[in-house]
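Here, each number is a calculation from the coordinates, and none is a lab measurement. Small disclaimer: the values here were computed from a predicted structure and weren't measured. Backbone-built Cβ (ideal geometry, glycine too); neighbour counts: all protein chains shown.
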Amino acid sequence: MSHAWASTTSIADLATWLRGRRRVVVLTHLKPDGDAIGSTIAVTRAINLAAAARGTVLEPPATPWYAGPMPDWAADVIGATEHRVLTQADRPDHDRREDPDAVLVLDTGAWTQLHEVREWLLPRREIAAVIDHHRQGDADVADRRVIQTAAAAACEPCAELCCALLGVPSPARLPVEVATPLYLGLATDTGWFRHSNVSPSVLRLAASLLEAGVDHAALYETVEQRDRPSRLRLMARALGSMKFLQRERIAVMTLTLQDFHDCNAAPTDSSGFAELALTAGPVQVSVLITEAFVADRDPGGSVTKVSLRSKNGPASMDVNEVARKLGGGGHVRAAGAKVHADLAETTRRVIEALA
Ligand SMILES: [Mn+2]
């Protein structure tokens, strides 16, 4: 078994391997985002549609399992597709159905992102496959891996998998219930087609998915135009905390638990804040430092979350490198870390890492 974070198989071979599996558990990273939910729902539906097309199935083979919290829009995207949200009361090993004969891990391959299912997944890695686009991951999560770091979203390779499973020659021919979650992942991981990861292949895939019947405007409204007013109040706090460093090249925002409390905000309300400062001309790196909620902490220690975003261009900074100095990782333009220190000490370490 190779231990390098690299592909060991192809999408075509994965599709062949999946054909005829009776029960497939589909996993993704904790706190799933648009790409995580999009890829898992699209692949789940494709597997189940392919099984139904082969003959009557008593129970659809594929089920996604999530470790929350789920975004507010999740129910609208998931609809009637059967899924599980794992909780303290519903652990992976409480599943009384037949043990799966395949496990798919989409949009991550890092144990730190698979905390809730780690113990369950460890003895099953020989029947597991990872499809991911992140630069870092743990090769021992699954023997079968398709790692496409050039892909903007996990939904790019997953679109290819859906086509192979359903035997269609182009994503434009996918059923709209498969095309829509794929489009969601593509759109959200590119900031609705604004980030530097937008490539010809991203726009070609998006165009094909629109041909398949995706309603861009309806999806945008469902996902992006449903903020609770508490999120805007919290955004005002984040912007109010902003400090500029290195002649306004770097902007650092901080959010305390008190900020969340005062604004009556949920932990997910700060998502997307990390990039806020990139709208300022001189700012090359935008940082959000957040006190972690109790559920995210280790007993007895404080944990602070760091999210980094950077601009493209000649003066740009590889924030993946910065995050790695802090014990985290991610992409060149978007990365993060969980630091085992309080907000003040974490801020000090972030500024040092950025120097
Ligand atoms: Mn992704």
Notebook entry, point to check: What's the local net charge at ARG125, with K and R +1, D and E -1, over the other residues with C-beta under 15 Å away?
Noted result: -4
Next item on the list: Could you give the C-alpha radius of gyration of segment 11-224 expressed as a fraction of 2.2 N^0.38 Å, taking N as the number of residues it contains?
Entry: 0.94
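Looking at the chain, what % of its DSSP beta bridges pair antiparallel, to the nearest 5? If you can, show how the numbers build up before the last one.
Details: 18 of 43 bridges.
Around 40 percent of the beta bridges assigned by DSSP in the chain are antiparallel ones.
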Note to self: If I take every Cα pair under 8 Å that is 6 or more residues apart in the chain, average their sequence separation and divide by the length, what percent do I get for the relative contact order?
What the structure shows: 13 percent
Check: From the square roots a ≥ b ≥ c of the eigenvalues of the alpha-carbon gyration tensor of segment 127-248, which class results: rounded (a/c under 1.5), prolate (a/b over b/c), or oblate?
Finding: oblate
Check: Where is the GNM fluctuation largest for the chain (alpha-carbon springs, 10 angstrom cutoff): ASP342, ASP107, ASP35?
Finding: ASP342
Check: Once a ≥ b ≥ c are taken as the square roots of the eigenvalues of the Cα gyration tensor of segment 229-354, is the result rounded (a/c under 1.5), prolate (a/b larger than b/c) or oblate (a/b not larger than b/c)?
Finding: oblate
Item checked: Peptides 224-230, 139-145, 165-171 ordered by average Cβ neighbours within 10 Å, highest first -> 139-145, 165-171, 224-230
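For segment 254-296, rounded, prolate or oblate, judged on the Cα gyration tensor with a ≥ b ≥ c (square roots of eigenvalues), a/c < 1.5 rounded, else prolate if a/b > b/c?
Numbers: a/c = 2.72, a/b = 2.28, b/c = 1.19.
Prolate is the answer for segment 254-296, as a/c is 1.5 or above and a/b outweighs b/c.
Taking every pair of alpha-carbon atoms in segment 163-219, give the share separated by more than 12 Å as a whole percent.
On the way: 987 of 1596 pairs.
Distances greater than 12 Å cover 62 percent of the Cα pairs.
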Notebook entry, point to check: Can you tell which of ALA128, ALA280, ALA151 shows the greatest fluctuation in a Gaussian network model of the chain with Cα springs below 10 Å?
Noted result: ALA280
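Using a 10 Å cut-off around each Cβ, can you sort LEU174, LEU121 from fewest to most neighbouring Cβ atoms? Spell out each step's value before the answer.
On the way: LEU174 27, LEU121 20.
Going from least to most buried by this count: LEU121, LEU174.
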Next item on the list: Please identify, among LEU104, LEU288, LEU343, the residue showing maximal mean-square fluctuation in a Gaussian network model of the chain using a 10 angstrom Cα cutoff.
Entry: LEU343
